[in-house]
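The values are calculated or read from the model by the stated rules, or taken from the named source; none is laboratory data. The shown structure was predicted, so the numbers you read here are calculated from the model rather than taken from an experiment. Using ideal geometry, Cβ is built from the backbone for each residue, glycine included, and neighbour counts are taken over all protein chains shown. Note: accessible area is taken over every heavy atom of the protein model, side chains too, but ligands, DNA and RNA are not part of it. Shrake-Rupley method; radii C 1.70, N 1.55, O 1.52, S 1.80 Å.
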Amino acid sequence: MALTLTEEQDELRATLRRFLADRSPSAVVRRWTESEEGHDPAAWRQMAGQLGLQGLAFQEKYGGSGGGPVELAIVLEELGRVLLPSPYFATVALAGQALAVSGDDAAKARWLPAIADGSLTATLALAEESGSWRPEDVTAAASRGDDGWTVSGTKMFVVDGHTAGLILVVARTDTGPGLFAVSGSAAGVSRARLDALDATRRLARIDLAGAPALRVGPDGDASAYLRAVTDLAVVALAAEQVGGAQACLDAAVEYAKVRVQFGRPIGSFQAIKHKCADMLLEVEGARSAAYHAASVAARDPAGLSAPAALAAAYCSDAFSHAAKESIQIYGGIGYTWEHDAHLYLKRAKSSEHLFGGPAMHRARLADLIGI
């Protein structure tokens, strides 16, 4: 992998950081998490129309700018830094990437341009009431009749599933699991927002009762394709977790510089120094793991599974540890509702179990490398 970003990638990060400083300070994040919409529609339109973020990782012929997984990782890291309430992760990192690697030209032409211009939000519906995120464990069923495909079953923990215009549903057929596109307003679709730990990321339950659907991706057993989709999803999540962990570290270090106890800044105490040093080591390790996986996704997609599992496990642990350690550095104020520390801790714990916990990814990594 390249150890440094290009000048264009650095400029992407700088531009996005300036935008988010204006559009997503803490007070704005809190206001939108309490709103009915759950995100700022004006900011969403600006992200698409002025910054081109929704189409960043798509080919130009589908309305994108021809970027790739590394550019997407940069965007997600910056969004994770500020906990921006937005359907970007569900729409672009989950559904958008699933469409982009589907090999289904008709599906890409039908939906990617609308995702790229910000007019369509989408999501991926995989997990069910069992809590498993493995495509082979799905029980939702797709059947083919004279009028086409229909899907029945229940999906849980669907990111932004209560508002998405397009739902990509993993369902089982007679030949194995596959991916099916269902309109959020279709007959037979019932959606309900779930009470979730993380208020900045909304989850939904989706009940499907014979909902009309279109097949996306390969026919027959699409297990290999779905594994590729989930690998891309966990790499995207890992990049977002790096941003959250970095924000926890930065804020804790800044606080340690100005908080005075016993006549000296608490950052001068060895115990605090050790905490900050350990956090820095983990954050840098997580960044390396996430960007290595993103670079593999760009240049060697067939070899992504092991780097994706490594990034998923390490970045989940790093974010959770950084969020918890930052609260220890803040002391009592870190436990108050007014402080932002709890927002990051809740995002860290919620993300830790999205697409499977660290233990699951370590077990998968062990199988992949033969230990």
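Structure notes:
- Any pair with Cβ under 7 angstrom, 6 or more apart, that starts in segment 354-369 at a residue that is touching a residue at least 40 places away in the same chain (Cβ under 8 Å) and ends at one that is open to solvent by 50 Å² or more (accessible area, probe 1.4 Å): Pro358/Asp317; Leu365/Leu310
- Residues in segment 83-116 that are under 24 Å from Ser35 (Cα atoms) and open to solvent by 20 Å² or more (accessible area, probe 1.4 Å): Leu84, Ser86.
- Checking the stated criteria, Cys248 turns out not to satisfy the condition of being more than 19 Å from the chain's Cα centre (by Cα) and surrounded by 15 or more Cβ atoms within 10 Å (Cβ to Cβ).
- Some residue of segment 217-226 being under 30 Å from Leu343 (Cα atoms) and either open to solvent by less than 10 Å² (accessible area, probe 1.4 Å) or not hydroxyl-bearing (Ser, Thr, Tyr) (or both): no
- Which listed residue is assigned to a helix (DSSP H, G or I) and within 19 Å of Ala238 (Cα to Cα), from Leu112, Leu94: Leu94
- Filtered residues of segment 1-59 (kept if of a type in the set (Asp, Glu), surrounded by fewer than 18 Cβ atoms within 10 Å (Cβ to Cβ) and assigned to a loop (DSSP other than H, G, I, E, B)): Glu34, Glu36, Glu37
- Residue check for Ala289: open to solvent by less than 30 Å² (accessible area, probe 1.4 Å), within 26 Å of Gly66 (Cα to Cα), modelled with pLDDT of 95 or more and touching a Leu at 6+ places or on another chain (Cβ under 7 Å): yes
- Some residue of segment 192-203 being without any contact (Cβ under 8 Å) to a residue 60 or more places away in the chain, of a type in the set (Gly, Ala, Ser) and touching a Pro at 6+ places or on another chain (Cβ under 7 Å): no
- Residue that is most open to solvent (accessible area, probe 1.4 Å), among those in segment 336-356 that are in contact with a helix residue (DSSP H, G or I) (Cβ under 7 Å, 6 or more places away or on another chain) and of a type outside the set (A, V, I, L, M): Lys349
- Of everything in segment 297-340 that is without any contact (Cβ under 8 Å) to a residue 40 or more places away in the chain, in a helix (DSSP H, G or I) and hydrophobic (A, V, I, L, M, F, W, C), the residue that is farthest from Leu281 (Cα to Cα) is Ala302.
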